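Asks: Here you go, one structure.
The values are calculated or read from the model by the stated rules, or taken from the named source; none is laboratory data. Not measured: the values here are computed from a predicted model. Note that we place each Cβ from the backbone using ideal geometry, even for glycine, and neighbour counts take in every protein chain shown. The accessibility values were calculated without ligands, DNA or RNA, using every heavy atom of the protein model including side chains. Shrake-Rupley method; radii C 1.70, N 1.55, O 1.52, S 1.80 Å.
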Amino acid sequence: MSTTRRGVLVAAALVALPAGKAPADDHLAILGRRLMGLLDGPASACRIASAYLAGIGGTDFRRVAVDLGMPAMLAPARGIVETEALRTWLGTRIRTDFETGAVVDVDGWRLSRTEVGACVLVAGVI
Amino acid sequence: MMFRDARQLSAGASLETDLCIVGAGAAGITLAWSLRDAGFRVLLLESGGLELEEATQDLYKGENRGGPEFDLDVLRLRFFGGTTNHWVGWCRPFEPEDFKPADPSDLRTWPLSRADLEPYYRRAQTLCELGPYNYDDLSPWLKASGLTALELDPRKLKTALFQVSPPTRFGTTYRGALEQAENITVYLHSNVVEVRTDDTARRVVGVRARSLEGPTFEVSARIVVLATGGLENARVLLLSNQVQKVGLGNGHDVVGRYFMDHPWLTGAAFAAFATPLPDLRLYLDETAVLGTSIFGALTLGGYEPGIGGFRVLLRPMHRVVEGLSSLRAIAGAIEGFHAPPEGFWYHLSRVLADYDAVIDATYKNVFNTRTGPFNLPDPNSGPIVGAYLDVNVEQFPSPASRVTLSDERDALGQRRLVLDWRPGVAEKQTIQRGLELVANEFGRLGLGRVHISSLPDGDRWPATLWGSRHLMGTTRMSDDPRTGVVDGTCRVHGVDNLYVAGSSVFPSSSYANPTLTIVALALRLGDELRRQLA
């Protein structure tokens with residue numbers, strides 16, 4: 001196989017990664033970075049994440065994110081490319097959480113499961 | 001008929017009437033007013049005079065053993081007009097489910113329905129000088145006022161509209177009508193010390209009354225109505241024990257039991273609002289519209305087993321000063337002899353972080369001045385950034401929550417009252433669930449996020465718990481004499497011609513203020529007595 005042809009095949013494999021062929025850890029990191037891009041400042045997200053972990057006795061941000069069901073919850077967001085569209089999708093998701101009672105307690109604050117999971121994801125990639 | 005003063009009667013005087021009403025508060029005055037053209041004689045006895053008198057007010061002193069501090073001689077007023085002389089005027093009818101809970105065996109069940117009381121609520125609306133009788137359809141109110149209601153999920157929460165009476169001082173407002181009524185005589189300074197019966201205690205013959213500085217006299221009547229208030233009605237029955245030694249109408253030990261108030265927790269939660277904030281004026285303040293004032297509270301939308309009624313009021317915060325709220329938490333904890341749930345160090349760190357704002361507010365409070373040492377802006381100015389959530393809940397009836405008689409005696413030689421108020425687990429569950437529903441709806445609507453303060457376990461309550469001074473249930477209504485003192489007509493079980501009026505007959509407390517229902521029931525009783533005495 002020629003170098004050029006190999007390079008094309010490797011490039012095609014890399015492009016195929018966001019479509020779901022990469023390991024789950026990388027997906028979490030990708031999601032975390034995309035969510036961080038929505039925030040004015042990630043520090044408050046980290047505080048929320050830390051408070052949540054302290055409340056449940058957890059130490060591993062990534063593990064907690066998985067426990068919160070974040071990969072499945074945020075899977076539909078992987079197809080959303082535009083930042084504002086992702087922001088809108090996330091807002092709708094959060095409102096749905098409150099409607100269905102998918103909420104968690106963080107230091108007395110009643111927060112959406114998705115928003116807490118998003119904060120935990122962001123904290124995990126910082 | 002003029003108002004008369006019982007102090008001028010001669011000792012051993014004997015008065016005769018058809019209907020004797022004991023007590024001239026909202027219930028007694030409403031009942032008398034409704035019968036002013038009835039064609040039979042009405043005698044209205046009032047313990048006090050036309051103004052507050054210390055010696056008479058002292059008769060209300062008693063002991064408080066349960067719940068938060070209740071000053072029995074402060075929360076009730078003992079002169080013509082009764083406690084309407086200091087009520088704030090909030091009005092709303094009880095909900096239909098307050099009369100008929102989902103479970104028919106529920107102790108909160110009334111022997112009448114909301115529909116039965118509806119015509120009397122409409123009449124009570126006028127007596128309390130309110131606006132149009134409409135509490136369910138918000139549209140006309142919103143249209144006339146320009147206010148907006150939240151688009152709540154009706155399965156979870158709804159907006160409960162309250163109307164605000166001027167407030168009507170019943171003694172002042174209806175005194176003229178009573179004076180002009182030819183069939184009504186009012187005796188002031190008349191303290192009923194005993195309801196007298198025949199030897200069987202099945203029939204009342206009248207009452208014995210005394211003035212503090214004057215004579216003892218007798219009133220004979222065909223029918224007697226006790227309208228002395230949510231606590232005092234029970235006291236009079238318990239004291240009337242010459243024939244029935246356990247107290248009149250107390251054959252099943254129900255008199256005095258099932259006392260209810262509305263547990264009221266201020267600052268139970270805090271809402272941090274998102275921006276831009278929608279129009280929340282309906283919930284944040286009273287608004288004058290259509291001849292009255294209104295405000296909205298958040299209340300339960302759909303039925304949930306084990307959860308009672310509640311109302312959540314929003315108290316706006318214009319500037320978030322965490323240190324001030326923590327200072328309050330520390331002060332409240334010290335007052336209640338327990339640590340705040342989050343621990344002292346948490347709050348102390350927040351106080352230190354907002355040192356200048358705390359000092360500024362303290363300085364202004366101590367020296368009663370608007371300007372503080374740091375010249376910070378008035379915390380009540382500027383945009384609203386959040387709100388404290390004050391929650392007020394229905395109390396489930398419990399026989400352990402009660403009034404009894406103490407061994408201490410008042411100036412008339414009568415045993416004083418002991419109040420043992422027992423708000424419990426059911427009320428805590430209602431508070432918690434109510435705040436959760438509000439937090440979820442605020443999140444769904446994008447209003448912001450809510451912080452809910454944790455409640456202590458067991459029987460302990462935070463220092464911020466108040467009683468609402470809505471005294472209910474001590475001579476409760478039930479078809480069954482084993483669970484009630486009066487029947488559906490407010491007649492005392494087992495006594496042919498003795499009735500009770502007022503909030504003591506409530507078998508459930510709702511979340512709504514009691515006065516409109518007190519007046520409605522008194523009007524209904526008036527119709528019943530017209531039939532009896534016609």
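Asks: Please work out the C-alpha center-to-center distance from the stretch B:480-498 to the stretch B:381-431 and express it in whole Å.
Replies: Cα centres, the stretch B:480-498 to the stretch B:381-431: 25 Å.
Asks: Follow-up question, since we're still on this one. Compute the orientation-averaged projected area for the stretch B:127-171 from the convex hull of its Cα atoms and round it to one decimal in nm².
Replies: Mean orientational projected area (the stretch B:127-171, Cα hull): 4.1 nm².
Asks: Per 10 Å bin, what percent of the C-alpha pairs of chain B does each bin hold, from zero upward?
Replies: All Cα pairs considered, the percentages come to 4, 18, 27, 25, 16, 8, 3, 0.
Asks: Counting C-alpha atoms alone, how compact is the stretch B:81-222: give Rg to one decimal and Dmax as a whole number, in angstrom.
Replies: When restricted to Cα atoms, the stretch B:81-222 yields Rg and Dmax of 21.5, 64 Å.
Asks: For chain B, with all protein chains present and a 1.4 Å probe, just round the carbon and sulfur fraction of the accessible area to a whole percent. Write out the running numbers ahead of the final one.
Replies: Working: 11060 of 21580 Å².
It is 51 percent, rounded to a whole number.
Asks: As a test of the definition: which semi-axes, in Å, follow for the protein assembly as shown when you take the square root of five times each eigenvalue of its alpha carbon gyration tensor? Largest first, please. Walk me through the numbers before you get to the answer.
Replies: Numbers: eigenvalues 713, 124, 103 Å².
Here the semi-axes work out to 60, 25, 23 Å.
Asks: If you don't mind, another one. Going by average Cβ neighbours within 10 Å, how do the peptides B:501-509, B:233-241, B:457-465 rank, with the highest at the top? Working shown, then result.
Replies: Numbers: B:501-509: 29.1, B:233-241: 25.0, B:457-465: 15.2.
Packing order, densest peptide first, comes out as B:501-509, B:233-241, B:457-465.
Asks: Is there a simple number for the mean count of other chain Cβ atoms within 10 Å of the Cβ of residues in A:99-111, and what is it? Present the calculation step by step, with values, prior to reporting the outcome.
Replies: Working: counts 7, 2, 4, 1, 4, 0, 5, 2, 3, 9, 7, 12, 4.
Per residue, the number of nearby Cβ atoms from other chains is 5 on average.
Asks: Summed for both chains, how many Å² of accessible area, to the nearest 100, are buried between A and B with a 1.4 Å probe?
Replies: Summed over both sides, the interface buries about 1200 Å².
Asks: For the stretch B:124-220, what's the relative contact order in percent, using C-alpha pairs closer than 8 Å and at least 6 residues apart?
Replies: Normalised by residue count, the contact order of the stretch B:124-220 is 17 percent.
Asks: Work out how much length B:S139 to B:T126 would gain on full extension: take 0.36 nm times their residue separation and subtract the Cα-Cα distance, in nm to one decimal. Don't skip to the answer; put the middle values down first.
Replies: Working: separation 13, 0.36 × 13 = 4.68 nm, distance 2.14 nm.
Stretched out fully, the B:S139 to B:T126 stretch lengthens by 2.5 nm.
Asks: Hey, what's the stretch B:88-185 come to in accessible area per residue, 1.4 Å probe, Å²?
Replies: Values: 4400 Å² over 98 residues.
Dividing the accessible area of the stretch B:88-185 by its residue count gives 45 Å².
Asks: Helix B:344-353: angle to the longest alpha-carbon principal axis of chain B, degrees 0 to 90, nearest 10?
Replies: The two axes meet at around 60 degrees.
Asks: Report A:Y52's accessible area, 1.4 Å probe, all protein chains in place, as a number in Å² to the nearest 10.
Replies: 30
Asks: Still on this structure: With all protein chains present, calculate the accessible area of A:D105 using a 1.4 Å probe and round the result to the nearest 10 Å².
Replies: A:D105 has an accessible surface of roughly 100 Å² with all protein chains in place.
Asks: Taking every Cα atom in the stretch B:177-297, find the radius of gyration and the maximum pairwise distance Dmax, and write them in Å.
Replies: 23.7, 73
Asks: Could you work out, residue by residue across B:491-504, how many beta carbons of other chains sit within 10 Å of that residue's beta carbon, and then give the average as an integer?
Replies: Counting Cβ atoms of other protein chains within 10 Å of each residue's Cβ and averaging gives 0.
Asks: Probe radius 1.4 Å, ligands and nucleic acids left out: which of B:W421, A:W89 has the largest accessible area, and how do the rest follow?
Replies: A:W89, B:W421
Asks: Could you sort B:W110, B:W87, B:W33 by their accessible area in this structure, using a 1.4 Å probe and putting the largest first? Display every interim value, and only then the final one.
Replies: Numbers: B:W110 5, B:W87 30, B:W33 60 Å².
If we order B:W110, B:W87, B:W33 from most to least accessible, we get B:W33, B:W87, B:W110.
Asks: Quick query: amide H of B:N497 versus all other amide H atoms, modeled in the peptide plane; which residues come in under 5 Å with a sequence gap of 5 or more or a different chain?
Replies: Amide H neighbours of B:N497, under 5 Å, 5+ apart: B:V204.
Asks: Short version: ³J(HN,Hα) in whole Hz for each residue of the stretch B:110-115, in order, from phi by Karplus 6.51 cos²θ - 1.76 cosθ + 1.60 (θ = phi - 60°), x for Gly and Pro, what are they?
Replies: With the stated coefficients, the stretch B:110-115 comes to 8, x, 9, 9, 4, 4 Hz.
Asks: Comparing the chain by itself with all protein chains present, which residues of the stretch B:436-464 are at least 50 Å² less accessible (probe 1.4 Å)?
Replies: B:N440, B:R444, B:R449, B:H451
Asks: How big is the accessible area of B:K61 in square angstrom, nearest 10, if you roll a 1.4 angstrom probe over the protein chains?
Replies: 90
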